[in-house]
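The values are calculated or read from the model by the stated rules, or taken from the named source; none is laboratory data. Keep in mind that what you see is a predicted model, and the values were worked out from it rather than measured. All Cβ positions, glycine included, derive from the backbone under ideal geometry; neighbour counts span all protein chains shown. Areas reflect the complete protein model, heavy atoms only, side chains present, ligands, DNA and RNA absent. Shrake-Rupley method; radii C 1.70, N 1.55, O 1.52, S 1.80 Å.
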Amino acid sequence: MDAPEGLTYSVPRDLGIVELGERVEAPLGRHDRRATGYVIELGVAADIDPDKIKPIRRRTGMRLPPNLIELAKWMSGYYCCPLGLALSAMAPGAVKHESRRRTVTLIRPTGKRPVEPLPAKTDEAWRAVLALPAGSFPIEPTALKDAINAANLGPINRLIERGLLERYTEVKRTELFPGPAPSKPAPVNLNAEQRDAVGGITATLGSFAAHLLFGVTGSGKTEVYLRVLEEVVARGECAIVLAPEISLTPQLVSRFHERFHAAGVAVIHSGLSPAVRREHWMRISRGEARVAVGARSAVFAPFDAAAGVKLGLIVVDEEHDGAYKQDDAPRHNARDVAIRRAQMEGCPVVLGSATPSLESWRNATLGRSRLHTLRSRPAGARLPRVRVVDLADELRADTSNSARLSFVGPTLREEIARTLDAGGQVILLLNRRGWASYICCPDHRCGWTLRCDQCDVTMVYHRDRALPAGGVVRCHHCLSEQLLPGACPVCGKRVTTFGAGTQRVEDELARLFPEIALAGAIRRVDSDSMRGAGMYHDVLDAFRRGEIRILLGTQMLAKGHDFPGVELVGVLNADTAINLPDFRAAERTFQLVAQVAGRAGRGERPGRVVVQTFNPHHPAIVHAANHDYETFAAGELRVRDRSGLPPIARMARIVVRNEQHERALRDARRIARELERIRESSPTLRVHGPMPCAISRIGDRYRIAVEMLAPSPAPIQAALAALRNAGLAKSDAATAIDVDPIALL
């Protein structure tokens with residue numbers, strides 16, 4: 001229910017004093033159905049008849065701090081979403097849904113000794129119990145049975161009957177950090193740039209300030225975060241550290257847990273079990289953990305200033321990453337929410353990246369935030385040498401046509417062999433999953449291609465030799481799938497597959513380097529091959545130990561990983577995003593190439609990078625190869641300035657979705673007409689559309705977009721408020737409102 005101002009209820013005397021932010025259950029609607037919500041305001045409703053005010057039913061025992069209630073109100077207004085949705089994003093489902101605590105049955109000795117001889121089997125079990133190592137108890141019954149090599153629980157039950165052992169139950173303890181407490185690592189000597197960054201940031205502790213930590217890959221940004229955080233903890237304050245994806249969280253957690261386990265470290269991300277996630281959240285809420293590390297949702301860590309738990313710092317690592325943007329309502333960007341929360345809490349926020357978003361870079365160059373630069377790697381390590389390979393030249397030079405059948409070009413192939421011979425490791429990036437991305441009839445006169453029945457996209461072939469058809473074709477948008485057709489349904493010719501995905505390249509690597517493949521030292525890392533975060537972390541750990549020699553994957557590999565053994569990085573196709581119909585395509589290409597290139601050369605040996613592309617002279621490729629972000633950013637900002645696009649302007653996008661094209665277009669036209677009327681009193685507002693989205697249909701619903709641009713957020717916010725008041729801007733299944741969009745497909 002979208003009630004921007006909330007609903008008014010009374011508090012029965014028997015419920016005691018209800019606090020701001022509490023989650024309560026109340027009757028809703030004509031039939032008084034049970035509903036839960038948050039208390040967003042307390043006071044006396046003088047203008048409402050008391051007899052018409054319904055009482056809340058009960059308190060759930062869960063509460064959001066008042067500062068998060070204020071943050072949710074800001075999100076509701078800025079991102080044009082119902083307040084209830086913003087509040088719902090604040091706490092994990094495991095916290096909101098009350099769950100019974102699990103109990104476990106345990107066995108322990110009573111301290112007594114037998115007063116009379118025991119039966120043979122019972123005596124044998126008792127002697128085995130006495131022989132167990134110190135610290136074996138308490139223990140679960142089945143575990144004790146296995147420990148004493150008993151055939152069943154009978155001997156244990158008889159020992160309990162004789163009073164030698166006792167059975168009891170206790171609440172199952174949630175293991176948050178398995179293993180012993182880590183020892184504090186040896187101190188790291190900072191270089192001059194790192195010391196300047198630490199000093200500049202710590203000088204602003206206690207007040208709001210935005211900092212951009214711009215450092216080349218491997219320059220020690222995390223160590224800067226750690227040093228500043230030491231100052232925060234010494235002041236008795238708390239901190240939030242964000243990473244873009246759960247794949248990076250374990251690495252960050254281990255480093256922060258080493259330094260701050262005494263102060264308490266909590267982890268918040270969707271990869272945790274509900275029980276563990278709930279316990280971490282409650283530890284923050286109770287003030288038991290002063291450092292919260294996690295993915296996007298950790299920006300809502302429940303540090304409560306009113307309860308004396310002062311938030312002293314927010315860090316957003318890899319701030320440029322698109323994973324910080326929520327793709328459903330509330331469509332917020334956790335980086336921007338972090339900045340707003342820091343403003344409200346009165347603490348600094350540090351945005352860190354080797355390839356900052358142009359929004360953050362422009363703010364820093366204009367003086368809206370403070371810029372700290374790390375231009376070199378510590379301990380004399382150098383950035384890798386990057387070689388750009390023109391795939392067109394390689395195809396022309398190969399008279400045997402072998403290159404036409406290969407996705408690992410001759411240059412990259414030689415570099416891989418050289419690296420493996422020297423005992424090094426290789427990372428290969430291809431930001432495309434599956435075996436082939438294009439299934440068609442080989443006869444160009446026929447022209448048939450396999451497209452999704454529900455989306456305006458081609459299907460992707462995923463090979464599976466266990467299936468009769470050899471694999472399935474899958475839509476990566478609606479996830480529908482079918483068996484690979486054997487023949488063209490129009491003319492009957494055998495279908496052809498084009499375009500390489502990670503699965504196809506994995507097979508090619510196995511043919512090129514059979515000994516490495518037979519040893520199990522080639523692994524593919526993408527969302528098809530990894531079944532959960534645990535498997536992903538196991539593969540990365542094996543790669544870190546050197547058990548895997550070639551790691552092939554999608555953009556998951558380009559983010560924040562530190563592998564000292566990597567000597568070679570290969571970008572198989574740098575063009576996968578460069579020609580997309582999105583004004584951020586060049587920026588994303590630069591970031592992807594520069595980030596994955598930065599994984600090489602972090603050990604003692606120098607690193608090398610080979611970038612395969614059909615666009616070797618594109619500015620994004622050229623400047624990424626030269627590790628020259630500043631020149632790229634200056635050129636790209638000039639392009640955006642001439643076009644009036646973000647970050648020079650601000651943007652909001654409304655996408656109308658309907659199973660019938662005519663209805664979607666009709667509703668989009670109504671929105672556009674209302675916006676044109678609004679423009680009469682807001683001349684700086686620009687309106688584009690209605691127009692079909694780049695992907696005009698997803699999930700059997702047509703998609704029509706209307707875009708707004710303005711020099712500042714105010715005209716867009718006013719226009720969205722007017723649309724909402726007119727009933728034309730609802731965040732529901734039919735309408736998606738995206739403020740500050742990062743993708744336009």
Whole-number percent relative contact order across the chain, with pairs defined as alpha carbons under 8 Å at least 6 apart: 11 percent
Beta bridges by DSSP in the chain, antiparallel share as percent, to the nearest 5: 50 percent
Carbon and sulfur %, accessible surface of the stretch 403-511 computed with the full protein complex present, 1.4 Å: 48 percent
Alpha-carbon centroid distance for the pair the stretch 645-724 / the stretch 353-399, whole angstrom: 34 Å
Local electrostatic count, Glu707, Cβ distance below 9 Å [Lys/Arg +1, Asp/Glu -1]: +2
HN-Hα J in Hz across the stretch 619-627 - Karplus 6.51, -1.76, 1.60, θ = phi - 60°, x for Gly and Pro: x, 4, 6, 4, 6, 5, 5, 8, 6
Per residue value of the accessible surface for the chain (all protein chains in place, 1.4 Å probe), Å²: 47 Å²
Separation of alpha-carbon centers, the stretch 489-536 and the stretch 64-82, rounded to whole Å: 45 Å
Relative contact order computed over the stretch 227-301 (Cα-Cα under 8 Å; 6+ residues apart), in percent: 42 percent
Low-density loop positions, GluC sites (Glu not before Pro), the stretch 561-636 - DSSP coil, at most 11 other Cβ in 10 Å: Glu604
Cleavage-rule hits (trypsin sites (Lys or Arg not before Pro)) in the stretch 423-523: DSSP loop, at most 15 neighbouring Cβ within 10 angstrom: Arg445, Arg465, Lys493
Protein accessible area in the stretch 335-391, 1.4 Å probe - carbon and sulfur %: 44 percent
Qualifying GluC sites (Glu not before Pro) for the stretch 279-329 [loop in DSSP, other Cβ within 10 Å: at most 14]: Glu288
Sequence of Thr735, Thr103, Thr36 from largest to smallest accessible area, 1.4 Å probe: Thr103, Thr36, Thr735
Sites Arg418 and Asp732, calculated FRET efficiency, Cβ-Cβ separation with R0 41 Å, nearest 0.05: 0.15
Rh by Kirkwood over Cα pairs, then Stokes-Einstein D for the stretch 194-313 at 1.567 mPa s and 4 °C, µm²/s: 88 µm²/s
Per-bin percent of Cα-Cα distances, the chain [20 Å]: 14, 41, 34, 10, 1
Relative contact order computed over the stretch 417-506 (Cα-Cα under 8 Å; 6+ residues apart), in percent: 34 percent
Rounded Å value of the spacing that divides the Cα centres of the stretch 276-291 and the stretch 413-478: 43 Å
In Å², nearest 10: area of Ser136 left accessible to a 1.4 Å probe: 30 Å²
The stretch 556-622, accessible surface, carbon-and-sulfur percent (1.4 angstrom probe): 57 percent
Of Lys73/Lys325; Lys121/Lys145; Lys325/Lys730; Lys221/Lys310, those spanning more than 22 Å from alpha-carbon to alpha-carbon: Lys221/Lys310
